[in-house]
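Scroll down for the structure; my scribbles are underneath it.
The values are calculated or read from the model by the stated rules, or taken from the named source; none is laboratory data. Bear in mind the structure is a predicted one, so any value in this text is a computation, not a measurement. Backbone-built Cβ (ideal geometry, glycine too); neighbour counts: all protein chains shown.
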């Protein structure tokens with residue numbers, strides 16, 4: 001059982017590492033100097049001098065603004081910028097950057113990996129007692145994993161609000177919500193959008209409306 005758990009954990013870790021490969025293929029690395037000074041300063045303050053890799057999507061979707069962050073030790077944090085956002089509105093980019101830095105600061109991906117490892121180990125352990133019980137346990141733990149993913153998204157929003165202010169984040173999210181209602185997204189052109197859409201349909205990835213409601217609630221709790 002121990003060897004099986006080790007192999008399963010290594011496979012899971014490799015699956016997380018594949019994200020870096022996928023991002024590398026769809027982006028190009030840019031020197032820090034190409035990133036606006038105000039954004040670089042935020043990154044330096046949050047990452048405390050850690051080496052951060054900056055990348056930009058090779059193809060920017062004309063409809064949706066996408067930024068992302070990846071951080072899985074021992075690799076350095078990677079921040080992916082949407083070049084269109086940088087060119088059009090640095091203040092908007094600042095909000096999305098703050099959200100992604102929230103994931104880096106909170107080590108969201110590492111938490112998901114560790115919980116997934118626990119899920120595998122505990123399911124293996126229970127399966128030696130009862131396969132039926134292990135199936136039930138596995139389903140419960142998967143639900144908890146998905147809830148953790150959703151929780152981390154909300155917390156990254158709240159971290160962004162703590163960095164740049166609730167009003168600024170709410171303003172950007174509210175405008176994005178209005179924009180999404182009007183636009184027609186060509187999903188087949190961007191696999192990342194397909195994945196996000198599926199997660200939204202399942203209620204795992206928070207919609208913009210969900211994020212706005214959560215931020216309004218947290219803002220009221222803080223006043």
Residue 102 passes all but one of (1) closer than 26 Å to residue 3 by Cβ; (2) modelled with pLDDT of 90 or more; (3) surrounded by 15 or more Cβ atoms within 10 Å (Cβ to Cβ); which number fails? (1)
Among the candidates 172, 142, residue that is buried (at least 17 other Cβ atoms within 10 Å of the Cβ) and modelled with pLDDT of 80 or more: 172
So residue 150 ticks every box in (1) surrounded by 15 or more Cβ atoms within 10 Å (Cβ to Cβ); (2) more than 13 Å from the chain's Cα centre (by Cα) but one. Which box is left unticked? (2)
Pairs please, first residue from the range 148-171 and on the phi > 0 side of the Ramachandran plot, second anywhere and part of a helix (DSSP H, G or I) and surrounded by 18 or more Cβ atoms within 10 Å (Cβ to Cβ), Cβ atoms under 7 Å, 6+ apart in sequence or on different chains. none
Tell me, please, whether a residue that is at negative phi and within 20 Å of the chain's Cα centre (by Cα) can be found in the range 116-135. yes
Which residue pairs have Cβ atoms closer than 8 Å, lie 6 or more positions apart in sequence or on different chains, and pair a first residue in the range 36-53 that is touching a residue at least 40 places away in the same chain (Cβ under 8 Å) with a second residue that is part of a strand (DSSP E or B)? 43/79
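Among the residues of the range 14-54, write down those that are over 17 Å from residue 98 (Cβ atoms) and in contact with a helix residue (DSSP H, G or I) (Cβ under 7 Å, 6 or more places away or on another chain).
Let us first name the residues in the range 14-54 that are over 17 Å from residue 98 (Cβ atoms), namely 14-34, 49, 51, 53.
Within the range 14-54, 16, 32 meet the criteria.
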